[in-house]
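The structure under discussion appears below in the form of structure tokens.
The values are calculated or read from the model by the stated rules, or taken from the named source; none is laboratory data. Predicted model, so just to flag it, every value in this text is computed and none were measured. Cβ sites come from the backbone with ideal geometry, for glycine too, and all protein chains shown count toward neighbours. Heavy atoms of the whole protein, side chains included, go into the accessibility calculation; ligands, DNA and RNA do not. Shrake-Rupley method; radii C 1.70, N 1.55, O 1.52, S 1.80 Å.
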Amino acid sequence: MSHPVLEVRDLRKVYPVGVSDDCPDGEFTALHGESFTLAPGGSLAVVGESGSGKTTCARLIVGLERATSGVVLIDGVEQVRTRMGSARRRRRGRQVQIVFQDPYSSLDPRQRVRDCLAEVLTLHFDLDARARERRIDELLDQVGLDERQAGALPRALSGGQRQRVAIARALAAEPKILILDEAVAALDVSIQAQVLNVLADVRDASGVAYLFITHDLAVVQQLCDDVVVMHSGRIVERGTVASVLEQPVHPYTRRLLASVPRPGWTPRRRTPA
Amino acid sequence: MSVLQMAPEPEVRETIGWGTRFDALTVVACAVVALFTLAAVFAPIVAPYDPTQVDASAVYQGPSTAHLLGTDDAGRDILSRLLHGARASLLGPAIVVLVAAVVGTVVAVSAAWVGGRFDALVSRTLDVIFAFPGLVLAIIAAAVIGPGLLAPVAALSISYVPYIARVLRTAAIRQRNLPYIAALEVQGFGALAICVRHLVPNLLPLLIVQATVSFGYALLDLSAISFLGLGTQPPAPEWGLMVANGQPSIIAGHIEQSLYAGLTIVVAVVSFNVLGQGLAKSFLGDDR
Amino acid sequence: MSALLSIDRLRVELPAGKGMRTVIHDVSLDIRAGEAVALVGESGSGKSMTTRAVMRLLPQGARLSGDIRFDGVSIPAMDRRALRGWRATRVGMVFQDPRAHINPVRTIGDFLVEGVMLDGRLSASRARERISPLMRAVGIADVDRRLGQYPHELSGGLLQRVMIAAALSTEPELLLADEPTTALDVTTQEEVVAIIDELRRERGLAMLFITHDLDLAAAVCDSIAVMYAGSIVEERKTGPSGLDPSHPYAKGLLAARPKLGRRERRLPTIEGRPISAFEVSAGCAFATRCPLVHDRCRRERPVPARVPGGRVACHRIEESGSADSDGGAR
């Protein structure tokens, strides 16, 4: 295997919380020093439920929060945990991007789609006006948005269209890694399928690596090659998607798989009546 | 049962949007405010007389074609004094609101952005200023610096900062936590660029609403200060001052000067308030 | 056997700007006593608005036509008193967001007791006696401690169980569950639907289950009605082997969902976006996105026709001969 485009080593995040019955030491550990790697052009799913630490993990990697300990290496380079200067910040922006869950608040409500993409391109690249317009058209085309939608404000767009804009904005920086933080979870089923197809196409075309944060195992199966399963801030199982989904070893993974509704499924209760 | 599901495109009112509908009352209030503004700007052209010209032969004249609102104890045309008075009466609150809006926005946005201890410090400071009556501060300032528009305007500018900053801070914190801001941070934009280009424009409707309502209150405060003789000095016309100057005449049975000046203040303050509430309804979907 | 809840040609219009917008278009649906029916659809399909109409919880200015009968009594025609009594005793509701439907400053115990006492037949102490076994039935251990706690001290899953206990506490005949598990984790979802399913069967309750998840609906309901743009496009009995819908929309919806154990090279999609009821022209609601669309679909609205195992509103299926049109009459 070539060297990983992303390596997370012993990453740990502790939040101070008030001292209470549930939490006598006044600390909550969201992530217990976990490690994993993502190969260039790979697609790794981080699967877990609320409180598993999967979103904390994403926020640490993109630098929205600072780790308590441990390191994030992008392209083999350790990411600093201190405040970054503007050049460094932009460089990280070129390496890793993120798409969030909620399509309705992921875009500036006052900015038109085209302006949103232009702003990002201007930040990262030294393009003349014509080259920039051409690049914007390319990006819009890649995520399947038309000219009319490009000129629209977010409120005129549906959830699926907004999520396409968010993907295009992330791709505009030409990152090596795209983190998708529950990026299709809020979409209706028929729209979710469209966006999943767009994501598959984008990866084929650009070779960007995906870190796919999700609770949805069926979606993992569709989009990812490898998977780590998280529970209460710890990775409990890891492997290829095929092996983990077909022969889960850890009881939690089994439980998670068993609770996905599918044809012939009957829900079972685990607490006695 | 989510209301969102009934809408064709779920419209989430998390962010402040620009509405377009105004009700009739708001339109009237807006017209009155515009009228006052025009009066202030064009006072020398539209006023029939020099507001300070004393005419001993025409004291206490009732309304007539020569003097639409009559004359005061010195024979000065009341209408002309009201029109010219609009200048001092509106300029003061305008400066107060402008300064408070700029300072308030900077304070609110930086507190929201930095958060933590800085935010706590800012909030406590705002609370302290908020608790101190603006009028008292203005009177102290006038006592220290001396009477005139400068001292009370400076004092009120400070005491109006919390009115704007407190509301804006809450909204800014909400915006700060929205994913579109996080997405911009991840792109590599600096804090200043994000605030100036994205955060503040999204707070603008709220800022305008707060500023409009504050304008009315500032006008009232400054009129009160002039009424007390600590603001604009005679013989220059100013509404609060006119109410005060008219007092001795009331005893003599000539209530016009105080009445008209007082009414003007009431109409102006009410108009700014109504306009502010109308804007709130339209911009923020706020039905208070 | 006559239906417990019978929705007959329900039509709902909501005020929008100057005019009215149709949000529910000629929806007819029967639920017999003890039967579980799912209403499945995407955002804006009208599934939630249908339950609102049943509960008479429509927004101000809404216009309703058609009829909704519960045990033969018309709900839209009930006076305030009758409506209050009916809501308090004969129907229970569970919502998507339990936190929005519980008073945050009162304890769980107060909330439950109040619900039981609504119909005025029980004293507070008798009400309390009824609650404890219910709490245990929904899988809540240490009942006494939980009853003294406040909503914010409970997780979403636990709170939803409290809501189920509350809904069942007045021994209703019908349970309305509006996306009761959408906000929950999958493992919690399994737990909660299992509890709903078990208690419903034990008590012989009828249920109207609103969800966007076809597989989930198939697992806990006897039949499924798929809604699109304010209309029911297909109604079908569920079998042990899952669903086999025939309406192009229902088919597309089922195919678009990624499946465990199978990776598609590309997911089959439905072109475009879901439209709203008021955007529908004279023809079929699905005509703008349907792969089988032809002229008649754009001109003429299809009525539900009987097919083996259900009813489908589609001209193409009708024409292929597998359906008997019953003209929408019931």
**OP:** Scan the range C:188-241 for residues that are facing chain A (nearest Cβ under 8 Å), open to solvent by less than 10 Å² (accessible area, probe 1.4 Å) and under 17 Å from residue C:32 (Cα atoms) and jot them down.
**Re:** C:220
**OP:** Assess whether residue C:12 counts as being at the interface with another protein chain (Cβ under 10 Å from one of its Cβ atoms), open to solvent by 10 Å² or more (accessible area, probe 1.4 Å) and either in contact with a Lys or Arg (Cβ under 6 Å, 6 or more places away or on another chain) or not in a loop (DSSP other than H, G, I, E, B) (or both).
**Re:** no
Original post:
Condition test on residue A:271, is it open to solvent by 20 Å² or more (accessible area, probe 1.4 Å), within 12 Å of another protein chain (Cβ to nearest Cβ) and touching a Gly at 6+ places or on another chain (Cβ under 6 Å)?
Top reply: yes
Subject >> Subset of the range B:244-272 [open to solvent by 30 Å² or more (accessible area, probe 1.4 Å) and part of a helix (DSSP H, G or I)] >> reply: B:245, B:247, B:248, B:250, B:251, B:256, B:259, B:260, B:263, B:266, B:267, B:270
Subject >> Test: residue A:51 is in contact with a strand residue (DSSP E or B) (Cβ under 6 Å, 6 or more places away or on another chain), in a loop (DSSP other than H, G, I, E, B), surrounded by 14 or more Cβ atoms within 10 Å (Cβ to Cβ) and of a type outside the set (Val, Ile, Thr) >> reply: no
**OP:** Find the helices (runs of 4 or more DSSP H) located wholly in the range B:145-215 whose residues include 3 or more that are surrounded by 22 or more Cβ atoms within 10 Å (Cβ to Cβ), and list them.
**Re:** B:150-176, B:179-187
Original post:
Which condition breaks for residue C:38 when tested against (1) at pLDDT below 90; (2) part of a strand (DSSP E or B); (3) within 14 Å of chain A (Cβ to nearest Cβ)?
Top reply: (1)
Original post:
Out of the range A:64-78, which residues are open to solvent by less than 40 Å² (accessible area, probe 1.4 Å) and within 18 Å of the chain's Cα centre (by Cα)?
Top reply: A:64, A:67, A:72, A:73, A:74
**OP:** Working only within the range C:275-288, note down all residues that are of a type outside the set (Gly, Ala, Ser) and open to solvent by less than 20 Å² (accessible area, probe 1.4 Å).
**Re:** C:286
Original post:
Is there a residue in the range B:217-226 that is assigned to a loop (DSSP other than H, G, I, E, B) and open to solvent by less than 10 Å² (accessible area, probe 1.4 Å)?
Top reply: no
**OP:** Give, as residue ranges, the helices (runs of 4 or more DSSP H) completely inside the range C:192-303 that count at least 3 residues that are touching a strand residue (DSSP E or B) at 6+ places or on another chain (Cβ under 8 Å) and not polar (S, T, N, Q).
**Re:** C:214-220, C:248-256
Original post:
Could you say which residue among C:21, C:81, C:52, C:69 is touching a helix residue (DSSP H, G or I) at 6+ places or on another chain (Cβ under 9 Å) and closer than 25 Å to residue C:115 by Cα?
Top reply: C:52
Subject >> Of all residues in the range A:1-37 being assigned to a loop (DSSP other than H, G, I, E, B) and open to solvent by 90 Å² or more (accessible area, probe 1.4 Å), the one that is farthest from residue A:63 (Cα to Cα) >> reply: A:21
Subject >> The lone exception for residue C:137 - which of (1) small (Gly, Ala, Ser); (2) surrounded by 16 or more Cβ atoms within 10 Å (Cβ to Cβ); (3) free of Cβ contacts under 8 Å to residues at least 60 places away in the same chain it fails >> reply: (3)
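Yes/no matrix, rows are residues, columns are (1) modelled with pLDDT of 90 or more; (2) within 21 Å of residue C:308 (Cβ to Cβ); (3) aliphatic (A, V, I, L, M):
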residue: C:216; (1), (2), (3): yes, no, yes
residue: C:220; (1), (2), (3): yes, no, yes
residue: C:224; (1), (2), (3): yes, yes, yes
residue: C:234; (1), (2), (3): yes, yes, no
residue: C:241; (1), (2), (3): no, yes, no
residue: C:244; (1), (2), (3): no, yes, no
residue: C:273; (1), (2), (3): no, no, no
residue: C:278; (1), (2), (3): no, no, no
residue: C:281; (1), (2), (3): no, no, no
Original post:
Can you tell me which residues in the range A:126-172 are within 14 Å of chain C (Cβ to nearest Cβ) and not in a helix (DSSP H, G or I)?
Top reply: A:144, A:145, A:146, A:152, A:157, A:158
Original post:
Within the group B:56, B:66, B:47, which residue is open to solvent by less than 30 Å² (accessible area, probe 1.4 Å) and small (Gly, Ala, Ser)?
Top reply: B:47
**OP:** Pull up the range C:250-274, narrow it to residues that are within 14 Å of chain B (Cβ to nearest Cβ) and more than 21 Å from the chain's Cα centre (by Cα), then point me to the one that is least open to solvent (accessible area, probe 1.4 Å).
**Re:** C:272
**OP:** Scan the range C:74-89 and give yes if some residue there is at pLDDT 90 or above, open to solvent by less than 50 Å² (accessible area, probe 1.4 Å) and within 14 Å of chain A (Cβ to nearest Cβ), otherwise no.
**Re:** no
Original post:
Can you tell me which residues in the range A:248-259 are within 12 Å of another protein chain (Cβ to nearest Cβ) and not β-branched (Val, Ile, Thr)?
Top reply: A:248, A:251, A:252, A:254, A:255, A:256, A:257, A:258, A:259
**OP:** Tell me, please, whether a residue that is within 14 Å of chain A (Cβ to nearest Cβ), out of contact with any Cys (no Cβ under 8 Å at 6 or more places or on another chain) and among the acidic types (Asp, Glu) can be found in the range C:153-173.
**Re:** yes
Original post:
Within the range B:74-91, is there a residue that is of a type in the set (Val, Ile, Thr) and open to solvent by 10 Å² or more (accessible area, probe 1.4 Å)?
Top reply: no
Subject >> Extreme residue, farthest from the other protein chains (Cβ to nearest Cβ), among residues of the range A:106-125 that are under 9 Å from residue A:154 (Cα atoms) and crowded, with 23+ Cβ neighbours inside 10 Å >> reply: A:113
**OP:** Look through the range C:141-151, keep the residues that are at pLDDT 90 or above and within 12 Å of chain A (Cβ to nearest Cβ), and return whichever of them is farthest from residue C:185 (Cα to Cα).
**Re:** C:145
**OP:** Keeping to the range A:241-259, report how many residues are touching an Asp or Glu at 6+ places or on another chain (Cβ under 8 Å) and either without any contact (Cβ under 8 Å) to a residue 24 or more places away in the chain or among the hydrophobic types (A, V, I, L, M, F, W, C) (or both).
**Re:** 9
**OP:** Could you figure out which of (1) open to solvent by 70 Å² or more (accessible area, probe 1.4 Å); (2) touching a helix residue (DSSP H, G or I) at 6+ places or on another chain (Cβ under 8 Å); (3) of a type outside the set (Gly, Ala, Ser); (4) under 20 Å from residue B:218 (Cβ atoms) isn't true of residue B:118?
**Re:** (4)
